[in-house]
Amino acid sequence: MVPEPLIDRHGRRIDYLRLSVTDRCDLRCRYCRPAGDASYAERADWLSFAEIRRVVSLFAAMGVGRVRLTGGEPLLRAGIVDLVGELAAAPGVSDLSLSTNATRLARYAARLKAAGLNRVNVSLDSLRRECVSELCGRDSLDATLAGLMAAKAAGLAPIKLNMVALRGVNDGEIESMAAFCFEHGFILRLIEAMPMGEAGRAAAYLPLDTVRARLARRFKLQPCAAELGGGPARYWQTADGRGQVGFITPLSQHFCATCNRVRLTVDGTLYLCLGQEHKLELRPLLRGGGGDEALCSAIRRAVARKPWGHDFAAAPSRVLRFMSHTGG
């Protein structure tokens, strides 16, 4: 029987679940979590692997086939390869991916691929060692590059490289990052900084319209007709189609009208919009003995309340939680 899809009140079909498996990270990227903050979820409140499997199975039964594991840094979660294997085998999951800073990816890439992971998104904001140290709190460049190459060797594809574009910080090296990605067959995705919590609001926001024009001139880019994933990026490509750049513009050109996702935090909070506080606490339902039908009904009611979009431009201080708490 074909499952009844999850449709919000604005007619958008929700088919993408972003699932945080930890709020811990081995880096301290300044736009993600402010220095000195230690407001982590209690480990006892983390969803267990059994609870994660159950939630993913319920979402899959309602037509949510795309699942992305996020964090924090998901490769810090003990047993992550086993979890990938279990979720990859779950009926209805058609695309399982992972977002990572890649500092641990060299040791895990081959095992993740063998377990059933389809692809990875890697965060890397600079190829300059001093800039990486400034942004991430330590020099992680060599480890991240090793992880990227290990993912490529393992056959994880496509590999998307996420670069948060920051005015006066790394905007002068966007062309070199694009050339690096084209050389190695990675897809570059440029992202506007979002005012998520204190750290996000302090980031040096750079609108991407002028960057897009600059790259189009340099690399002869043209709009890409094919979809390169289920996310919000608008893609451009080189004339030969061998190089792609995606632009994620939540502020300068928002994509709320086509939003197809919800986010589940490590402690079981289902957020319906990255830039709003609409949510459903799933952990009490999971641990309170509720049946699958009750859980599905609660999820459907929550999705029906999904707001039209964020208010990052009009009310940038509304969202107090950090990106690391919500999940990337």
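The values are calculated or read from the model by the stated rules, or taken from the named source; none is laboratory data. These numbers come from a predicted model, not from an experiment. Because the Cβ atoms are built from the backbone with ideal geometry, glycine has one as well, and the counts that use them run over all protein chains shown. For the accessible areas, the whole protein counts, side chains as well, though only heavy atoms, and no ligand, DNA or RNA atoms are used. Shrake-Rupley method; radii C 1.70, N 1.55, O 1.52, S 1.80 Å.
A few remarks follow.
- Subset of the range 237-261 [over 20 Å from residue 119 (Cβ atoms) and either hydrophobic (A, V, I, L, M, F, W, C) or at pLDDT 95 or above (or both)]: 238, 239, 251, 255, 256, 257, 259
- Any hit, the range 63-81, residues being free of Cβ contacts under 8 Å to residues at least 24 places away in the same chain, over 20 Å from residue 146 (Cβ atoms) and open to solvent by 30 Å² or more (accessible area, probe 1.4 Å): yes
- Residues located in the range 283-322, provided they are modelled with pLDDT under 60 and surrounded by 14 or more Cβ atoms within 10 Å (Cβ to Cβ): 312, 316, 319, 321
- Here residue 168 fulfils each of the conditions (1) open to solvent by 20 Å² or more (accessible area, probe 1.4 Å); (2) part of a helix (DSSP H, G or I); (3) out of contact with any helix residue (DSSP H, G or I) (no Cβ under 9 Å at 6 or more places or on another chain) apart from (2).
- Tabulated pairs, the range 258-272, first open to solvent by 10 Å² or more (accessible area, probe 1.4 Å), second β-branched (Val, Ile, Thr) and assigned to a loop (DSSP other than H, G, I, E, B), C-beta under 8 angstrom, 6+ apart or interchain: 271/265
- Selection of first residues in the range 33-60 that are within 18 Å of residue 281 (Cβ to Cβ) and open to solvent by 50 Å² or more (accessible area, probe 1.4 Å) and of second residues that are among the hydrophobic types (A, V, I, L, M, F, W, C) and not in a loop (DSSP other than H, G, I, E, B), restricted to Cβ pairs under 9 Å at least 6 apart or on distinct chains, gives the following pairs, ordered by first then second residue: 54/286; 54/295.
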